[in-house]
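The values are calculated or read from the model by the stated rules, or taken from the named source; none is laboratory data. Just so we're clear, the structure is a prediction, and the values are computed from it rather than from any experiment. Methodologically, a virtual Cβ is constructed for each residue, glycine included, from the backbone with ideal geometry; neighbour enumeration extends over all protein chains shown. Please note that ligands, DNA and RNA were not included when accessible areas were found on the heavy atoms of the full protein model with its side chains. Shrake-Rupley method; radii C 1.70, N 1.55, O 1.52, S 1.80 Å.
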Amino acid sequence: RTKNVLLRREYIAILALIFAFLVSMIPQFVNSHLKMTRFLVALCMLGIYITLENNADLYDTETGLRTRTTLWRESEAIFSLSLHASVVSIKLDNTGYLAMMLGIPTMKELYHQVGMYLQRYADDKVHAFRLSSHSYALLFLQDDPARAEKIAADILDRFQEQWPLAGTYVYVAAEVWISRIPEQIPDEQHLSVFVDSSYDTGIPDNILHRFDMLASEQRESEVELALQRALSAGSLMVYYQ
């Protein structure tokens, strides 16, 4: 029942420990005088505790979502295996203003609500992350662009509605971005730029933004080369406006 909140390595480790425990009980069935059961149970539980002891770094206590540490672990596996995946980045824009108006305790309730909302999309193939107080992400482990687009659109629609907070209802401005691995995000460094950067596009928050890292880098390189050529040729004209 709790498989969905475990990392794959933790799930396999627990199954292996249980299997080892069952195998180790065979001698007691053969000779009932060997009192090994309690010792083996304690040994198995110790192994499980050791396996799960770092979960505080893997799950955010305020929202229940996975943390940045988990995102980097999972993305490392995706890039190393050359898998295809989708990433949705959600950035809350007006949290500073809301914190000033409503206070920190109310903001914690907002973060909890956002976490619970995003958690509804999480399953074996979709993992939800809280990267900072105002930044969240969904990682689609299965190559299913249509599902990623649909969920991103649903999240965008939700942020067009009000959230119940402190006995009232408030609008939370959020940017929702979507991109693809590895077509648009070729490595972990570009993934970090995608989920961490603050985008100032000048376009409304009610539009699903599509992030193509390679296209933006290519455009930036073209501009830099054009400026270098213009400087070399002395063809720049500067105007005061």
Q: Could you list, in sequence order, all residues of the stretch 117-159 that are among the polar types (S, T, N, Q) and touching a Phe, Trp or Tyr at 6+ places or on another chain (Cβ under 8 Å)?
A: 133
Q) Regarding residue 87, is this residue surrounded by 13 or more Cβ atoms within 10 Å (Cβ to Cβ), touching a residue at least 40 places away in the same chain (Cβ under 8 Å) and assigned to a strand (DSSP E or B)? A) yes
Q: Look at residue 176 and say whether it is over 20 Å from the mean Cα position of the chain (by Cα), closer than 23 Å to residue 116 by Cα and modelled with pLDDT of 90 or more.
A: no
(Q) Go through the stretch 164-184 and report how many residues are out of contact with any helix residue (DSSP H, G or I) (no Cβ under 6 Å at 6 or more places or on another chain), open to solvent by less than 80 Å² (accessible area, probe 1.4 Å) and farther than 29 Å from residue 83 by Cβ. (A) 5
(Q) Criterion first (surrounded by fewer than 15 Cβ atoms within 10 Å (Cβ to Cβ) and assigned to a helix (DSSP H, G or I)) does residue 107 satisfy it? (A) no
Q: Give the stretch 60-72 a look and list any residue that's touching a residue at least 60 places away in the same chain (Cβ under 8 Å), open to solvent by 40 Å² or more (accessible area, probe 1.4 Å) and within 11 Å of the chain's Cα centre (by Cα), or say none.
A: 68, 72
Q: Can you tell me which residue among 124, 93, 57 is of a type in the set (Asp, Glu), surrounded by 14 or more Cβ atoms within 10 Å (Cβ to Cβ) and at negative phi?
A: 93
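State whether one or more residues within the stretch 113-120 are modelled with pLDDT under 90 and either open to solvent by 50 Å² or more (accessible area, probe 1.4 Å) or within 19 Å of residue 181 (Cβ to Cβ) (or both).
Taking every residue of the stretch 113-120 in turn, none turns out to be modelled with pLDDT under 90 and either open to solvent by 50 Å² or more (accessible area, probe 1.4 Å) or within 19 Å of residue 181 (Cβ to Cβ) (or both).
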Q: Answer yes if at least one residue in the stretch 155-166 is modelled with pLDDT under 90 and either within 25 Å of residue 97 (Cα to Cα) or touching a strand residue (DSSP E or B) at 6+ places or on another chain (Cβ under 8 Å) (or both), and no otherwise.
A: yes
